[in-house]
1. Okay, helix-only estimate at 222 nm for the chain: each DSSP H run of n ≥ 4 adds -39500 (n - 2.57), divide by all residues, round to 500 deg cm²/dmol; what do you get?
2. Accessible surface of residue 642 in the full protein assembly, 1.4 angstrom probe, to the nearest 10 Å²?
3. List every residue whose amide H lies under 5 Å from the amide H of residue 460, counting only residues 5 or more places away in sequence or on a different chain, with H placed 1.01 Å from N in the peptide plane.
4. Distance between the C-alpha centers of region 632-684 and region 128-183? Whole Å please.
5. Between the helical axis of 704-719 and the dominant principal axis of the chain, each derived from Cα atoms, what acute angle in degrees is found, rounded to the nearest 10?
6. How many angstrom separate the Cα center of region 443-499 from the Cα center of region 321-356?
7. Calculate, for residue 737 and residue 340, the FRET efficiency according to 1/(1 + (r/R0)^6) with r their C-beta to C-beta distance and R0 22 Å; round to the nearest 0.05.
8. Could you give the length gained on full extension between residue 148 and residue 207, defined as 0.36 nm per residue of separation minus the Cα-Cα distance, in nm?
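The values are calculated or read from the model by the stated rules, or taken from the named source; none is laboratory data. Just so it is clear, the structure is predicted and the values come from calculations on it, not from any experiment. No Cβ is skipped: glycine too gets one built from the backbone with ideal geometry, and neighbour counts run over all protein chains shown. What goes into the accessible areas is simple: the full protein's heavy atoms, side chains included, and nothing from ligands, DNA or RNA. Shrake-Rupley method; radii C 1.70, N 1.55, O 1.52, S 1.80 Å.
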Amino acid sequence: MHSSSTDSQSIWHIAVPTPLHTGFDYLGPVHTPPPAAGVRVRVPFGRRLAIGILLEIKQQAAVEQKKLKPILNLIDVNPVLPPDLLALGRWASDYYHHPIGAVLHHMLPALVRQGLPAVAHTESIWRVAAAGKDLDPASLQRAPKQQALLVTLQQNPAGLAAEVLDAGHANWRPAMQALCDKGWAERASLAPVNTPRTVVQPAFDLNPDQQQALNAVCSNLNGFNRWLLEGVTGSGKTEVYLGIIEQVLALGRQALVLVPEIGLTPQLLQRFSSRLSVPITVIHSHLSDRQRLNAWLSAASGEARVIIGTRSAIFIPLARPGAIIIDEEHDGSFKQNDGFRYHARDLAIVRAQHLDIPVVMGSATPSLESLLNVQQARYQRLHLPVRTGPAQLPHITVLDARNTPAGQAISSPLQQRVRQHLAAGNQVLIFLNRRGYAPIYMCRACGWSADCQRCDAHMTVHRVRDLLCCHHCGAERPLPRNCPDCNLAELFVLGLGTEQVEEYFQEHFPDYKSVRIDRDTTRRKGQLEQSLQLAHSGTARILIGTQMLAKGHHFPQVTLVGILGIDQALFSADFRGPEYMAQLVTQVSGRAGRAERAGEVLIESRQPQHPLLHALITRGYRAFADAALAERQAAQLPPYTRMALIRAEAVSAQHALGFLAALRTQLQSNMQGSPILLLGPAPAPMERRAGRYRAHLLLQANQPRVLHSALQCVPVLVAGLPQRKSVRWSIDVDPSEMF
Ligand code: ADP
Ligand code: ZN
Ligand code: ZN
C-alpha cells in the first residue's frame, strides 16, 4: 500500500436503494473504529441524500479515490441487519435479479428505512374501556363523532393507534377525550408482545402419526433439515407445530412461523398464546409503522420468543433462531407479485440453511414444487393421513349444473341438500371465489357491455354499493339504469358473484341467518372478526364467501360445503390453473365435517366429466398431484424446468413488445450455444391493465444455472437499449402467475 493522505480513509461499499444493480463506494470517516456490515449510513447520492447499508469495508475502490464522495454520517452503532439477513439479502438479490439496495431496503421496517433510530418507543393506543364495551352506540345519537368512534373502538377491542384513527376519523381527538372523560374509552400503551399466561392449556395426547412427525423433526433441532408435513385438513398439523415450538423454546431459542395472509386469524393467535407461556409477537399488514418497528425490535432483541407473521416476516431479525415453520406452504400469498418479487417459502429455506436450523413446511395440498423435492429426496416427508378424533374426510360429489335455469343462483339438487342440512340443525358453507353481484353487465337491445376503459376486462356489478367496479385496476363508476349506448332499460347481469348468492339465500331461506365474508364485507377493521364470530357461534347458519373463508377455519357445525363457479379455473390460461383449483377445492372441502357430524361436499360444474376434476374427487389431491406432475414433466414445465418472465409495460403495445423484441435479439447473440429457451415476446393474457399495455418474454431452462447466467446479462443489455426509455420492465424469477 502507498501512503498518501487519503490512505487512512477506508472505502465503504454501500447498498443504496436505486434501480442500479451494484453497491457504491464511498470514503469512510477517518477515525471511527470500523463498524460492522449491516449498519445504516447517510450518503449523498446524485443530487439527493440517501440512506444506505454498509456491505463491507474495502482497501481498494473500484474507481479513483479522489472521485469518491464521503459518507455523511453513520446512523447505527449496531447493525440493523444481522449477518444472516445480509447474506439472505445478497442471495435474494442474485437469485431474483433485483438490485441489492432495493432488496435490503425492502427487508427493513419503514421507520428504519427512513433513518429513525432503531429503538423502541411504546405507542399510545385508544381502546374501549370496560364500561363502554356493551354500551349501545345509539345512546350517543346526538354526538355523532363520539358515536362513530365508539363503534370503531367496540369493533377493535385490542385498541387502535393514532395513525389508524387518523385514517378513519377526521379530527377525532376532542371526541375521544369526551369518551375518555365518560369512562367509556381509555388510553393505553401497547407492548409489541403479549403478556404470556402463567397457566397454559396442556397439549393433546398426540396420535401416533403426529407423534412420529414430532419426533422426527425434534430428533435433530441442531442442523439444517427440510421437512414437508403433508397432512389432510384437520389432521392436527398445528398441534405438531406447537410441539416442535415447545422443544425449540426449551432450548432457549426462537421460532418463526409464517402463515398465509388469510391464515392469520384471531383464532390462530388465541391457539398459540393459550398453549405457549412465552411472549409472542405478530407481524401483519395492519400494524402501524411504529407497531411494526416495535415488533421487529422485540424479535431482534430476543424478547419475543415466537414470531408469527405473513410473507414479509421472513425478513425479521432473530436473536436466537431455532426453527422456521411455514404453514400452508402452497399458498399463493407467500409470493410477492410486484417490486421485489420473492417467494417467502423459498427464502425461508435459504435462511434456514444459512442459520443451520430446521425448516418445516406444512400443507394438506403441497405445491407440485415441494412434492417433486420430496421425490428427489431434498425434503423429508412426514405424513398425517387421517383426521384427528371422530372427524371423517367429507364425501365429494360433482353436480351437473348445465340444467340450472338462468337466473337461479344454485342448482336444484344443491338447494335441496342445503334445505336438508339446515333442517338437521347444521351450518352450510357456500364457496364462490368471485365477489360482487355479477361479473358482466350487458344490454339486451344493443349488445353493450360494461367494460373497463383502462383494462381488457369487464367491470363487475356491485349492487350493494351501486357501482361498477374493475377488479384489476380498481376503477369505479355509478351503475347505470339505462344503457349508456342506446338508452333503453334493457340492462341485465350475467354470471354470479357472492352478493347475488347472498341475495338468493336471503330470498329462498329467509328463516336462516346468513353471513357473507369477502373483501367487500371485511374492508373495515374488525368486520372480519365480527363476521367470523357469527359463523363460529352458529348464529349464522349459512356462510357465503370467497377464499377468505376457504382456509384454516374450523367451523365444527358445518356439514355441507357447496362449491360454485370452478369451471373457469379448469380452463385457465395459466398452466398452474388446475393446481390452484385442486388446492382450493380440497381446502374448502376441508371445512366440512370437522367435528362429530359427517360432512359432504357438492361441486357444481358444467364440465362434470372433466378428467382433472374427476381424478381429484375420486382419488384425492395426491392422485391429482401425481397426474399433474406427469403432465408437467411431459410438457417440460416447472417444476421440471425453471422459468423467468421479463415483463414490460408501456403506453402502447408496440413500445412494450418492441423493447422485449430488441432485448431478445441481444440476449440471443449473448447466449449463443446456451441451452436456454426464449419464448415471445407476446402480449400478456390481459394485455391492457390500468391503461398500460403489457408484454412478456419468457425464459426457460432445465438448469437454474443456465437461466441465471442469461438473467445476469439482462440489466446490462437493457442499459444499452434505446427502447428502455418508454417502458417499465422487471424480472420475475419462478413466476407464480402468467398474467
Ligand atoms: P390442521 O392444522 O391439520 O388442519 P389442527 O391442528 O387444526 O389440524 O387440528 C384439527 C382439530 O383437531 C383441532 O380442533 C385440534 O384441536 C384437534 N386435534 C389436533 N390434534 C389432536 C389430538 N391429538 N387429539 C385430539 N384432538 C386433536
Ligand atoms: Zn343498449
Ligand atoms: Zn380496470
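1. Only helices count here, giving -9500 deg cm²/dmol.
2. 80 Å²
3. It is 469, 470, 471, by chain and number.
4. A separation of 55 Å, based on Cα centres.
5. Once rounded, the angle reads 70 degrees.
6. 39 Å
7. 0.85
8. Details: separation 59, 0.36 × 59 = 21.24 nm, distance 4.94 nm.
So the extension gain works out to 16.3 nm.
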